[in-house]
């Protein structure tokens, strides 16, 4: 049995990426524990759990309980069920603090989430950057999904002055997926149009410059080291749909990249396959 650490922010992590990964790894026999900024309790992005607030009427008390577009954008049944189980798990209810993280784990998992309110502290944490650098330096298995890849990309090895992902092949939340969700939310959640963008462009920057994909690419040795589904890939249309999600026994919709002991994936729809591949590396 391997010991796996999952650091998360106290707010707004993606419920599917954390809960499904935890559930799959636990089913496969691993000991999963969590770390939050101050060892306090954590909550995922409730909009992704309920779908409430993702419709044009989502800011109106009472009407916000009616979910339309939110049913499409929120986590699927498997993700919501796993999240409900996670909230009752002792390891999740009693995390350690980020600055208490030592080296006593066999593998490190970096989940994502997109809501700036809670995710920026996680993505910008120098404490977590140091944890990631040490894990790569000791060649421990590291798994990153969605914005978790951005955390890895920002982790600069002081020995080289480069990201730990420099020279690695990886995927992450693609601009195609991020832009699609953002374009819907700009209409359906018009009072908060940047909800799906953790970071937005500054004046003079082209659209997409601050997307996860583009920032990760800037940390790599070569742009072509960022991988996405290409025509001819089995089930390519399913993998690229932005709607289809994988399951424990169905990996057709998933796209996961493996480079040595580093595993990466794009979004919640890859979570089951991501966790299984990470377990295999462990």
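List of remarks:
- Every residue from the stretch 213-232 that is surrounded by 13 or more Cβ atoms within 10 Å (Cβ to Cβ) and either free of Cβ contacts under 8 Å to residues at least 12 places away in the same chain or in a helix (DSSP H, G or I) (or both): 213, 214, 215, 216, 217, 219, 225
- A single member of 20, 49 is part of a helix (DSSP H, G or I), surrounded by fewer than 22 Cβ atoms within 10 Å (Cβ to Cβ), modelled with pLDDT of 95 or more and touching a helix residue (DSSP H, G or I) at 6+ places or on another chain (Cβ under 6 Å), and it is 49.
- Criterion applied to 12, 55 was being within 20 Å of residue 266 (Cβ to Cβ) and either at pLDDT 95 or above or part of a loop (DSSP other than H, G, I, E, B) (or both), and the one residue passing it is 12.
- Residues satisfying the stated conditions in the stretch 164-200, i.e. outside any loop (DSSP other than H, G, I, E, B), more than 15 Å from residue 48 (Cα to Cα) and touching a residue at least 12 places away in the same chain (Cβ under 8 Å): 170, 175, 176, 177, 179, 180, 187
- Screening residue 163 with (1) surrounded by 18 or more Cβ atoms within 10 Å (Cβ to Cβ); (2) closer than 30 Å to residue 71 by Cα; (3) touching a helix residue (DSSP H, G or I) at 6+ places or on another chain (Cβ under 6 Å) gives one miss only, at (2).
The values are calculated or read from the model by the stated rules, or taken from the named source; none is laboratory data. Given the structure is predicted, the values throughout are model-derived calculations rather than measurements. All Cβ positions, even for glycine, are placed from backbone atoms using ideal geometry, and neighbour counts span all protein chains on display.
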